[in-house]
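Values quoted throughout were computed directly from the atomic coordinates according to the rules given, and no laboratory measurement underlies them. Here the structure is a predicted model, which means the values were calculated and not measured. With ideal geometry, Cβ positions are generated from the backbone for all residues, glycine too; neighbour counts draw on all protein chains shown.
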Amino acid sequence: MRKYAIGAVVSGTLAVSALAAPSASAATPDLSFSDAVVNSGKAIVVGTSGVVNVPVRFTLVHPVGVVLNNMSDNLVTEGSANIAGIALYRGRTVAKAMNEMEPDEAPKCTPTTTTATTVTESCTEVIALAPEDYLYEAADAGTWKVAGFYGHVSLGNDDDGNHVSFDYGYDMWGIPGTAQVKRAAKLSVNAGPEPVKKGGTLTVKGALTRADWNTGTYTGFKGWPAALQFKAKGATAYKTVKTVTSGTAGALSTTVKATTDGTYRYTFAGTTTTGTATATGDYIDVK
C-alpha cells in the first residue's frame, strides 16, 4: 500500500483535490538522506489493532534556499508544500516495493551545518503504524528497507473559485538501513487443580498465539518452545522449570510436582518474525 505522506497534506487540506488528476513532477531538488535509525534500532512489534508509533531519526542535506517540510496549512496560505522524509518498504528495490509506509505528518528538522551551497539538518519523524493500513499478510513480517522520499504539491485557483489546478510530484530513493517488523505474540497460563496437596501433580496449561494480520485475530502458533517458569512465594525472580513445545492451536500442557506456594508462567523468546511474549502468572496455593 502506498500511503504517501504528501497525499495526507492534500487530503487533509483540500477536499477538492480528487477533482484533478496528478500532473508531472516539479523539479526535484538535490537531496541526500543518511544515518536513518528506525525505532531506536529495535524490532517493531505489531498486533491486530491499535497504532504503534515508530520514531525515526535521520540526516537530510539539501541545497540552500530550498524550503522543506512546510506542510502545516501551507496549501491554504501559500498554495504549495514540499515534504522530505523517510519511508519503509518491503521488496527488493523501491521500484518493486510490495508494501510501504510513511509518516502522516511532516518530519521536524533542525539545521546543524550550513555551507555556501547546502544545509545539513537533523530530522525526526513518526510513522503511525496501524496494522489495518499497512500490514495484510504473514509476508509483511520480516525485514523492511529504508528509503528517502520527496513530495511536492501545489494548488491554484482563480478569484471566483470556478477553476482549480493541482500539481503533484513524488520521488523515492533506496538508502542504507533496515527495520524489523514482527507479529505480536500472546501467552496464557492456567495451573491446576487449585488448591493442590504438597507432592501432588499440577497440570500447567496455556496457549501461544500470534497476530494474524490477514484476519485481524490472534491464531495458534504451533511447534515453538515456551519456557515454563516458577517463582516461589516470597522470591524475587522466576526460574525455568522446563521447556514445552506448542501443539495444535498453540496449546501448551505439561505436569509438575507441587512443592510450595508460588506462581507459574510461560515465556516465549520470539522469532525473526514474531515478538516475545510472557503470560500473566498464575498463583498456586499448596496445602
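The set of residues in segment 80-130 that are among the β-branched types (Val, Ile, Thr), closer than 27 Å to ASP167 by Cβ and in contact with a Pro (Cβ under 7 Å, 6 or more places away or on another chain) comprises THR117, THR118, VAL119, ILE127. Of all residues in segment 203-232, which are over 20 Å from ASP282 (Cβ atoms), more than 18 Å from the chain's Cα centre (by Cα) and basic (Lys, Arg)? If the condition is that a residue be over 20 Å from ASP282 (Cβ atoms), more than 18 Å from the chain's Cα centre (by Cα) and basic (Lys, Arg), then LYS222 is the only one that fits. Within the bounds of segment 258-280, is there any residue that is in a helix (DSSP H, G or I) and either surrounded by 16 or more Cβ atoms within 10 Å (Cβ to Cβ) or small (Gly, Ala, Ser) (or both)? No, segment 258-280 contains no residue that is in a helix (DSSP H, G or I) and either surrounded by 16 or more Cβ atoms within 10 Å (Cβ to Cβ) or small (Gly, Ala, Ser) (or both). Within segment 137-158, the set of residues being more than 24 Å from TRP173 (Cα to Cα), surrounded by 14 or more Cβ atoms within 10 Å (Cβ to Cβ) and out of contact with any helix residue (DSSP H, G or I) (no Cβ under 7 Å at 6 or more places or on another chain) comprises ALA138, ASN157.
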